[in-house]
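Okay, so here's the structure we're looking at.
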Amino acid sequence: MSYADGFVAAVPTVNKEKYLAHAEFAAEIFKEYGALKVVETWGSDVPEGEVTSFPMAVKADENETVVFSWVIWPSKAVRDSGWQKLMEDSRMSPENNPMPFDGKRLIYGGFDIILDK
């Protein structure tokens, strides 16, 4: 069964092009280490909630846009191996591929895919 990593971040809206360049660079490395697909989405209709919401989860302010991303892997084993390689790859270091957003407010997790139609 395939496996997915999901990410939500608040990105300064003025950094959209920087974010896209960062994501394109990283996506190639993810795929090099076994990812099947990398999807990046830029929020266009992401409402504030009363109790919880994407903007609240990442503490987005009015000058930031919520980004929702995911990576599809062939299996959790491939993801675990690939993730370790990603963390050790100098191309992914903040010096070589700086994040154009506050990484402390990034939320992420790994998920077993239970439906894919």
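The values are calculated or read from the model by the stated rules, or taken from the named source; none is laboratory data. The structure presented is a predicted model; accordingly, all values stated were derived computationally and were not measured. Note that we place each Cβ from the backbone using ideal geometry, even for glycine, and neighbour counts take in every protein chain shown. Just the protein is used for accessible areas: all its heavy atoms, side chains included, with ligands, DNA and RNA removed. Shrake-Rupley method; radii C 1.70, N 1.55, O 1.52, S 1.80 Å.
List of remarks:
Each row is one residue, and each column tells you yes or no for (1) among the hydrophobic types (A, V, I, L, M, F, W, C); (2) closer than 22 Å to Ala4 by Cβ; (3) under 14 Å from the mean Cα position of the chain (by Cα).
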| site | (1), (2), (3) |
| --- | --- |
| Thr52 | no, yes, no |
| Asp61 | no, no, no |
| Val71 | yes, yes, yes |
| Lys76 | no, yes, no |
| Trp83 | yes, yes, yes |
| Met99 | yes, yes, yes |
| Arg105 | no, yes, yes |
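- Candidates Thr52, Thr65 - the one that is in contact with a Lys or Arg (Cβ under 8 Å, 6 or more places away or on another chain) and of a type in the set (Ser, Thr, Tyr): Thr65
- Some residue of region 35-48 being assigned to a loop (DSSP other than H, G, I, E, B), closer than 21 Å to Asn96 by Cα, open to solvent by less than 40 Å² (accessible area, probe 1.4 Å) and touching a Phe, Trp or Tyr at 6+ places or on another chain (Cβ under 6 Å): yes
Every residue, every condition in (1) of a type in the set (Lys, Arg); (2) on the phi > 0 side of the Ramachandran plot; (3) touching a Pro at 6+ places or on another chain (Cβ under 7 Å), yes or no:
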site	(1), (2), (3)
Lys31	yes, no, no
Leu36	no, no, yes
Thr41	no, no, no
Glu64	no, no, yes
Val71	no, no, no
Trp83	no, no, no
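- Any hit, region 83-99, residues being basic (Lys, Arg) and in contact with a strand residue (DSSP E or B) (Cβ under 7 Å, 6 or more places away or on another chain): no
- Among the candidates Lys85, Lys59, residue that is among the basic types (Lys, Arg), in contact (Cβ under 8 Å) with a residue 40 or more places away in the chain and not in a loop (DSSP other than H, G, I, E, B): Lys85
- Matching entry among Asn63, Asn96 (being open to solvent by 40 Å² or more (accessible area, probe 1.4 Å), under 13 Å from His22 (Cα atoms) and polar (S, T, N, Q)): Asn96
- Across region 8-28, the qualifying residues are those that are open to solvent by less than 40 Å² (accessible area, probe 1.4 Å) and small (Gly, Ala, Ser), and the one among them that is nearest to Asp89 (Cα to Cα) is Ala26.
Conditions tested, residue by residue: (1) loosely packed, with under 13 Cβ neighbours inside 10 Å; (2) without any contact (Cβ under 8 Å) to a residue 40 or more places away in the chain; (3) basic (Lys, Arg); (4) in contact with a helix residue (DSSP H, G or I) (Cβ under 9 Å, 6 or more places away or on another chain).
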position	(1), (2), (3), (4)
Tyr3	no, no, no, yes
Gly6	no, no, no, no
Phe30	no, no, no, yes
Ser53	no, yes, no, no
Trp70	no, no, no, no
Lys76	no, no, yes, no
